[in-house]
Amino acid sequence: MELKEWVVEAEISSMQEAMEKGDFTSEQLTRAYLERIEAYDAGLRSILEVNPDALLIARELDKERQSTGSRGPLHGIPVLLKDNLDTADRMHTSAGSLALADSSAAADSFVAARLRAAGAVLLGKTNMTEWANFMSGSMWAGYSARGGQTLNPYGAGEVFIGGSSSGSGAAAAANFAAAAIGTETCGSIISPASQNNLVGIKPTVGLVSRSGIIPITNSQDTAGPLARTVADAALLLSVIAGVDEADKETAAAAPHIGQDYTRFLDASSLKQARIGIPRYYYRQLDPARLAVAEQAIQVMREQGAVIVDPVSLSCEGTAFNGDVLRYEFKKYLNEYLNKLPPHLPVHSLEEVIAYNNKHAEAELKYGQGTLIWSEETSGTLTELEYLAALANNAKAREALDKVLDQHQLDAIMLLGCEDGVDLAAMAGYPSLTVPGGFASEGVTAAGGYNTKGPQGITLIGRAFSEPVLIKIAYGFEQCTRHRTPPVLRQSAE
């Protein structure tokens, strides 16, 4: 079989083994992915730009493999990054905004640096919902002025793409790289992973540094992997986790750093698992998606898991708002923009809004109400509304801790990025989604997308419980094998 065919759905460990045996090189692997992007991405718009030096980097890594050996499991492996992660190369970092289309980072983000050090080939930047979906309440997931509308490879223009790491989800699903990195504030890894038949890990806040990432909020932001298998996602997480002096939140993660998360790939793990089903958050599922969730519960039960059904969370019915994001966005975005070179047109949120008004035809297809909403704050994080919102986040942590402790649970289970998944984001706790099947029917949601298509099974655990979530997800993945690649159409068609 030719490499361009073999690479579809190939796991990173298989790629590494083949390169060690000399079956092909990193340069050939990188070229195969670039050819797939060229052939298929025009209809998906998942890639904003490819790294013009990708083949050169791969070639140098091949020479290094021959002379001194492999750096490890990611040596020579092409990986894509969301367009809000800084890379000190000839690529740009724009968060999808035309205002930053010419912005080139002076230094790698912590995540990019970790990937480079591990020998990964940074293949390109993926499209995303502009400003990580914090620009307009009516903006479609996956849309940016710089990249246009990213579409779901399982139903372009119809099936929901998920946001805001939409390009990372579509590209990984379409086999445009071995895996991709996304970021999440509230659902932006879990949603596109679920909708694109992928494994997505939203780590505990602090496990992965946010330095060098265009922010929304210090309280909830994190980067994480989107991959086709639990094994690949666990490998990526092992590489990008780390303590960083530039991100004080990572200090709390120090006891958990240095783990090889692939050690937790235990196919029999469901026999020891206790999983809770918070039925309150299943009430709005349509019949097709509910059937996917019920089937997953049954599979876990048959594999030996103890299913506690139902469980209740103390915060059910509590109204959570976006005030933490609203108040923190202005402060932390201004800090990021203020460090940019003087030749760029924006250095504050106020200047971003002014730039968009000046270039309204290109930038304001969906308006910028959310940016204006944030700009109205002081940027000092002293408002009573902000402090009350932080207290609400604490309620989410308390509710999760209480239900996990009360029933001695390893995790609670939800479907995809439905109601309840935001609790993990607000708490700063980890969540992981794994392919759970397909819904052949769905309902038309806001934005005109249909809820049919791939559905992820999402697990939420306590702080730094990534090993437990990986065990459960791997056990489920190995006995179900729901991941299947999308059927792509040539871009020329």
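Every number here is computed from the coordinates shown, using simple stated rules; none is lab data. If you're wondering where the values come from, they're calculated on a predicted model, not measured in any experiment. So basically every Cβ, Gly included, is an ideal-geometry build from the backbone, and we count neighbours across all protein chains shown.
Net charge of the neighbourhood of ASN356, taken over other residues with C-beta under 13 Å away and scored Lys/Arg +1, Asp/Glu -1, is -3. Taking the stretch 128-161 and a reference point 7 angstrom along Cα→Cβ of ALA362, the backbone N atoms nearer than 11 Å belong to 145-147. Computed extension length for SER70-SER314: 82.8 nm, one decimal, from 0.36 nm per residue of separation with the Cα-Cα distance subtracted. Helices that extend 18 Å or more along their long axis by alpha-carbon positions and average at least -1.0 on the Kyte-Doolittle scale are, among the DSSP H runs of the chain, 26-40, 54-68, 287-302, 323-338, 384-406, 466-480. Taking other Cβ atoms within 10 Å as a rough exposure proxy, VAL159, VAL308 sort from fewest to most as VAL308, VAL159. Under 19 Å from a point placed 7 Å out from the Cα of ASP286 along the Cα-to-Cβ direction: which residues of the stretch 158-180 have their backbone N that close? Those under the cut-off are 158-163. Between the listed residues ALA227, TRP373, LEU98, the Cα displaced farthest toward the positive end of the dipole of the chain, a dipole computed from Cβ unit charges relative to the Cα centre, is found at ALA227.
For the chain, the relative contact order is 17 percent, taking Cα pairs closer than 8 Å that sit 6 or more residues apart in sequence and dividing their mean separation by the residue count. Positive contributions from Lys and Arg (+1) and negative ones from Asp and Glu (-1), summed over other residues with Cβ under 14 Å from the Cβ of ASN84, come out at -3. When the charge dipole of the chain is built from unit charges on Cβ atoms (+1 for Lys and Arg, -1 for Asp and Glu) and taken about the Cα centre, the candidate among ALA141, PHE176, ALA362 whose Cα reaches farthest toward its positive end is PHE176.
Among beta bridges identified by DSSP and lying wholly in the chain, the antiparallel ones come to about 65 percent. Checking every one of the trypsin sites (Lys or Arg not before Pro) in the stretch 407-493 against DSSP loop status and a limit of 10 other Cβ atoms within 10 Å picks out ARG481. Here PHE329, PHE320 are placed in order of increasing Cβ neighbour count within 10 Å, fewest first, which gives PHE320, PHE329.
Between the C-alpha center of the stretch 173-200 and that of the stretch 264-321 there is a gap of 21 Å.
In terms of surrounding Cβ atoms within a 10 Å radius of their Cβ, SER164, SER312 rank from fewest to most as SER312, SER164.
Per-residue ellipticity at 222 nm from helix content only, as computed over the chain with -39500 (n - 2.57) for each DSSP H run of at least four residues, stands at -11000 deg cm²/dmol. For the stretch 87-134, trypsin sites (Lys or Arg not before Pro) are listed when DSSP marks them as loop and at most 16 other Cβ atoms sit within 10 Å of their Cβ; the list is ARG90. If the segment from HIS407 to ALA107 were pulled out straight at 0.36 nm per residue, it would be longer than the present Cα-Cα gap by 103.4 nm.
Each part gets one Cα centre, and for the stretch 449-479 versus the stretch 326-395 those centres are 33 Å apart.
With 0.36 nm allotted per residue and the present C-alpha distance subtracted, the LEU387-ASN338 stretch has 15.1 nm of extension available.
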